[in-house]
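The values are calculated or read from the model by the stated rules, or taken from the named source; none is laboratory data. This structure is a prediction, so every number in the text was calculated from the model and none was measured. Cβ coordinates were reconstructed from backbone atoms using ideal geometry, including for glycine residues, and neighbour counts include every protein chain displayed.
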Amino acid sequence: MRKLMLVLSAVFHPLLMCTYSCVILYFLLPVLFSPIPINAIPYFIITIFLTTVIVPALSILLMKYSKQISDFDITNRKERKIPFLTIGLFYALTTYMMYQKMSLNPIIFKLMILVTSLIILIAIISMRYKISVHAAAIWGVAGFFSALSSFYYAKNLMIVLSIIFLFSGLTVFARLKLGRHTPNESWIGALLGFVYFYFGFSIFA
């Protein structure tokens, strides 16, 4: 059971959520990547993966081996400020560069802004309180696609949304089972992520 919980935590790591969201959009609503040509979308997603997963992961690895953080999960609340602000900076630079160079579709641009601002918000919250970043990230994805479904109704989108909700619940369960967070830390993170993305997308739609 513990191994399964660790696998769930790894597969639904917060850094992967932006890439997963883009992959889902590519298969369900590729038109949202316009004006990027459809055959170039996979390369765009690879770029997203490199800049929002690989580069931040390497920075966390460096912080771990330089003893700025105690573990890769950054479970110590007091150690979260610098890593989260650093990751937020990577996301902000990625968003800015892509907006300037690629003329991102407003919805993709909005997704990047919401992800970046949520990371920075969590860094600020972590100065006083500890919340589950896993929960905030994956429930943020649920909030984003919930809001998106009200603008772009599609049967396949509703099916995917149901699957996202399922894995969102399983991820929170895994974090609780592993003892990484208390119920309050998990559900506050989940509520923050969902509400922030749902209303962030809806208000600026």
(request) Output the residue which, of all residues in the stretch 11-60 that are aliphatic (A, V, I, L, M) and part of a loop (DSSP other than H, G, I, E, B), is surrounded by the most Cβ atoms within 10 Å (Cβ to Cβ). (result) ILE36
(request) Name every residue in the stretch 92-140 that is under 17 Å from ILE36 (Cβ atoms), of a type in the set (A, V, I, L, M, F, W, C) and assigned to a helix (DSSP H, G or I), in order of residue number. (result) MET97, MET98, MET102, ILE107, ILE108, PHE109, LEU111, MET112
(message) Can you find, within the stretch 140-163, the residue that is surrounded by the fewest Cβ atoms within 10 Å (Cβ to Cβ) among those that are free of Cβ contacts under 8 Å to residues at least 24 places away in the same chain and under 16 Å from PHE27 (Cβ atoms)?
(response) LYS155
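If you check ARG175 against the conditions, is it charged (D, E, K, R), modelled with pLDDT under 90 and either part of a helix (DSSP H, G or I) or closer than 22 Å to PHE72 by Cβ (or both)? Full working, then the answer.
Numbers: charged (D, E, K, R): yes; modelled with pLDDT under 90: no; either part of a helix (DSSP H, G or I) or closer than 22 Å to PHE72 by Cβ (or both): yes.
It is false that ARG175 is charged (D, E, K, R), modelled with pLDDT under 90 and either part of a helix (DSSP H, G or I) or closer than 22 Å to PHE72 by Cβ (or both).
For the stretch 61-86, give me each residue that is in a helix (DSSP H, G or I) and either under 18 Å from SER21 (Cβ atoms) or under 17 Å from the mean Cα position of the chain (by Cα) (or both). Spell out how you get there, then give the answer.
In the first step, residues of the stretch 61-86 are kept if they are in a helix (DSSP H, G or I); the result is 61-65, 77-79, 81-86.
Matches in the stretch 61-86: PRO83, PHE84, LEU85, THR86.
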(request) Residue by residue through the stretch 94-106, note down the ones that are modelled with pLDDT of 85 or more and surrounded by 19 or more Cβ atoms within 10 Å (Cβ to Cβ). (result) THR94, THR95
(request) Look through the stretch 77-108, keep the residues that are free of Cβ contacts under 8 Å to residues at least 12 places away in the same chain and among the charged types (D, E, K, R), and return whichever of them is farthest from LEU29 (Cα to Cα). (result) LYS78
(request) Could you please tell me which pairs satisfy a Cβ distance under 7 Å, a separation of 6+ or placement on different chains, a first residue in the stretch 178-205 that is more than 20 Å from PHE12 (Cβ to Cβ) and modelled with pLDDT of 95 or more, and a second residue that is acidic (Asp, Glu) and not in a helix (DSSP H, G or I)? (result) none
(message) Being closer than 23 Å to PHE145 by Cβ and out of contact with any Cys (no Cβ under 9 Å at 6 or more places or on another chain): is that true of THR86 here?
(response) no
(message) Would you confirm, using the coordinates I've provided, whether THR51 is without any contact (Cβ under 8 Å) to a residue 60 or more places away in the chain and under 19 Å from VAL141 (Cα atoms)?
(response) yes
(message) Can you go through LEU157, LEU191, LEU161, LEU176 and tell me which one is out of contact with any Ser or Thr (no Cβ under 8 Å at 6 or more places or on another chain) and of a type in the set (A, V, I, L, M, F, W, C)?
(response) LEU191
(message) Can you report the number of residues in the stretch 118-139 which are without any contact (Cβ under 8 Å) to a residue 12 or more places away in the chain and not hydrophobic (A, V, I, L, M, F, W, C)?
(response) 1
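Looking at ALA40, is it under 19 Å from the mean Cα position of the chain (by Cα), at pLDDT 90 or above and of a type in the set (Gly, Ala, Ser)? Walk me through how you get there before you give the answer.
Numbers: under 19 Å from the mean Cα position of the chain (by Cα): no; at pLDDT 90 or above: yes; of a type in the set (Gly, Ala, Ser): yes.
Spelling it out, it is not the case that ALA40 is under 19 Å from the mean Cα position of the chain (by Cα), at pLDDT 90 or above and of a type in the set (Gly, Ala, Ser).
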